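I have placed the structure first, in the form of structure tokens, so that the comments after it can refer back to it.
The values are calculated or read from the model by the stated rules, or taken from the named source; none is laboratory data. Quick caveat, the model's predicted, so the values are computed rather than measured. Neighbour counts are summed over all protein chains in view; Cβ atoms, including those assigned to glycine, are modelled from backbone coordinates with ideal geometry.
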């Protein structure tokens, strides 16, 4: 399946993890809770919004093509409790994001954690 | 000067969560579990007084085991089952795929309405008492209610409203009881899609257990939808925040919920 292969090329690594209830919110029916993947790229936008904040990440494939992933986290209140702010990310920031991808195969998913260029990891 | 929180409690909060105790801090998002647990009962309950800033903590937000389910909700009537079948929640026991969701709050930006504001995303709130009313000011969706205490009766055959019509009375020196009717059936009771009709009547019982704790019990009575009355909040503790706490603004604006739908949910669609 070409999409699957492309996904593997694009991703820095693919992790197989046991399903956890962390994202019980939007459930296994839509996002792949058993096949978490890591994407690495450059932030193009950070939307501080409800009910989900959304990080847009440009991921460059080995052939130079760029695909923009849109990955969602929690709402502004819950993220604020965890130390995230509307200034956590700026366009151009390098990030590594562990996500649960959509089963649709489109470049969207739910964030598990984000590692910043300075090594800090946000849950 | 009455701050409502004794010094020991303030010190505890200060150690546990500095931003909660700093005077004139802006945008408090709510207590985490450890900070919530650190707030002790404090002194005795003041007489007929709910004034202050309050936080139900994580239990107010729902999630995990907090969703209503067949164990907590009585059997639905045939009409109730039909209404439930039309709802496509993305939380709870009847979770649909995210792209199928039709939660009026999270997919359309409708108000939470009442009593959903108490059952889901019940976040820090402020209570203000005036000579003729008690005001409930909710940080979530920046919404508010007036509970009339001037002795008026509930309206007969009211036009349904998102937050209904409420009257309250002190049952004793520590228990304030609120009755609410006239609620539009456009709102869900929670994020799990449990419905209600316009026959819904809600009773809230606020028991000032101590200086720093209110216990809230909410009873749902809707004979058109549920076989019998049921309790959606059972002595839910609200803990007192410093009086000067400024709340984070958390509004589910239509433009933002649409953004999630367009950027994430629609693209997650599978056949």
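Of the residues B:271, B:262, only one is free of Cβ contacts under 8 Å to residues at least 40 places away in the same chain and in a loop (DSSP other than H, G, I, E, B); which? Step through it out loud before you land on a result.
Values: B:262 fails: in a loop (DSSP other than H, G, I, E, B).
Answer to the selection: B:271.
Out of segment B:130-179, which residues are more than 18 Å from the chain's Cα centre (by Cα), touching a residue at least 60 places away in the same chain (Cβ under 8 Å) and assigned to a strand (DSSP E or B)?
Residue satisfying the conditions is B:170 alone.
Taking segment B:100-112 as the search range and keeping residues that are surrounded by fewer than 20 Cβ atoms within 10 Å (Cβ to Cβ) and at the interface with chain A (Cβ under 10 Å from one of its Cβ atoms), which one is nearest to residue A:105 (Cα to Cα)?
Checking each candidate, the answer is B:100.
Count, please, the residues in segment B:227-240 that happen to be farther than 16 Å from residue B:206 by Cβ and either in contact with a strand residue (DSSP E or B) (Cβ under 6 Å, 6 or more places away or on another chain) or within 14 Å of another protein chain (Cβ to nearest Cβ) (or both).
Step one: filter segment B:227-240 for residues farther than 16 Å from residue B:206 by Cβ, giving B:227-230.
If we keep only those that are either in contact with a strand residue (DSSP E or B) (Cβ under 6 Å, 6 or more places away or on another chain) or within 14 Å of another protein chain (Cβ to nearest Cβ) (or both) as well, we get B:229-230.
Result for segment B:227-240: 2.
Which of (1) crowded, with 22+ Cβ neighbours inside 10 Å; (2) on the phi > 0 side of the Ramachandran plot; (3) more than 13 Å from chain A (Cβ to nearest Cβ) is the odd one out, the single condition residue B:121 does not satisfy?
(3)
If residue A:20 passes every condition in (1) within 9 Å of another protein chain (Cβ to nearest Cβ); (2) within 25 Å of residue B:33 (Cα to Cα); (3) at pLDDT below 95 but one, which one does it miss?
(1)
Please go through segment B:225-258 and give me each residue that is in a loop (DSSP other than H, G, I, E, B) and surrounded by 17 or more Cβ atoms within 10 Å (Cβ to Cβ), ordered by number. Working first, answer last.
At the first step, the residues of segment B:225-258 found to be in a loop (DSSP other than H, G, I, E, B) are B:225, B:227-229, B:242-246, B:248-249, B:251-253.
The answer is B:225, B:242, B:245, B:248, B:252.
Suppose we keep only residues that are in contact with a helix residue (DSSP H, G or I) (Cβ under 7 Å, 6 or more places away or on another chain) and within 11 Å of chain A (Cβ to nearest Cβ) within segment B:241-258. Which one would you say is farthest from residue B:73 (Cα to Cα)?
In this case the residue turns out to be B:248.
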